[in-house]
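The values are calculated or read from the model by the stated rules, or taken from the named source; none is laboratory data. On a predicted model such as this, the values are computed, not experimentally measured, just so you know. Note that we place each Cβ from the backbone using ideal geometry, even for glycine, and neighbour counts take in every protein chain shown. Just the protein is used for accessible areas: all its heavy atoms, side chains included, with ligands, DNA and RNA removed. Shrake-Rupley method; radii C 1.70, N 1.55, O 1.52, S 1.80 Å.
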Amino acid sequence: MGGHNAVLKDYIDVAVMNRLVPFLQSALSQTRSVLPGLPLWLTETSSSSSGGTPNVADRFVAGFLWLDKLGVSSTMGVEAVFRQDFYGSNYGLLDSHLNPNPDYWLTLLFKRLVRGPVFNVTGASDVRVYAACANPDSFSLGALVIYLLNPNNYFVPVNLSQFPDQVYLLYILTAGDSDGLSFKVLGTEWSEAAVEWK
């Protein structure tokens, strides 16, 4: 998505999220036709291109496209995703004063929680659900990370009955103030809650 002509609602549009799939399918097809075992890396990417959308690509809302890109890429077998750009433009992980933008914190949390391999999961077409093995540096072997994106902000029931008597750590990321999806400051508000489901 071109950041120069995108608007806030594009960052939570499932149709926009779906645009990545055919690009990755084409790249995988081309690389596998040359060398079947050749790994595919996605480089110089973010939630939008062309420097990102001012006052949108550096806000909470951009995390929907970024986390979905990480989920889609891992599900399709992309071995590495490299963020563009760490500093600068509207989509940098750090702003011009070197303060972390919301995507910085989302990337950090993702790296701490998720390692792979990836599992196929299903959900409603407008709710994105991904699952992968947890990072063994943070969790015991066999731990599972399930991450869900709810861009429409409606009630979504989650059924994990196949994991009875397990302890769950819930990380619920929400916009932190009246700015809603345009919320910019993120990081210090995180809390971790242990929940046991019976």
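Here is a yes/no grid of residues against (1) touching a residue at least 60 places away in the same chain (Cβ under 8 Å); (2) over 25 Å from R19 (Cβ atoms):
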{"position": "S73", "(1), (2)": "no, no"}
{"position": "N90", "(1), (2)": "yes, no"}
{"position": "L93", "(1), (2)": "no, no"}
{"position": "S125", "(1), (2)": "yes, no"}
{"position": "C133", "(1), (2)": "no, yes"}
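The selection criterion, being farther than 28 Å from P54 by Cβ and open to solvent by less than 20 Å² (accessible area, probe 1.4 Å), holds for A134. Considering segment 137-153, and only residues there that are among the hydroxyl-bearing types (S, T, Y) and open to solvent by less than 70 Å² (accessible area, probe 1.4 Å), the residue that is nearest to L65 (Cα to Cα) turns out to be Y147. Taking the criterion of being part of a loop (DSSP other than H, G, I, E, B) and either open to solvent by 90 Å² or more (accessible area, probe 1.4 Å) or within 29 Å of L141 (Cβ to Cβ) (or both), the residues of segment 103-126 that qualify are N120, V121, T122, G123, S125. Looking only at segment 154-161, decide whether some residue is at pLDDT below 85, open to solvent by 60 Å² or more (accessible area, probe 1.4 Å) and either at positive phi or assigned to a helix (DSSP H, G or I) (or both). No: zero hits. If the condition is being touching a Ser or Thr at 6+ places or on another chain (Cβ under 7 Å) and either part of a helix (DSSP H, G or I) or aliphatic (A, V, I, L, M) (or both), then segment 130-153 contributes only A132.
Each row is one residue, and each column tells you yes or no for (1) within 18 Å of N150 (Cα to Cα); (2) touching a residue at least 40 places away in the same chain (Cβ under 8 Å); (3) touching a strand residue (DSSP E or B) at 6+ places or on another chain (Cβ under 9 Å).
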position	(1), (2), (3)
G2	no, yes, yes
L8	yes, yes, no
V16	yes, yes, no
P39	no, yes, yes
S46	no, yes, yes
E79	no, yes, yes
F110	yes, yes, yes
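Of the residues D103, D85, D126, which single one is at pLDDT below 85 and either farther than 27 Å from L8 by Cα or among the acidic types (D, E) (or both)? Of D103, D85, D126, the one residue that is at pLDDT below 85 and either farther than 27 Å from L8 by Cα or among the acidic types (D, E) (or both) is D85.
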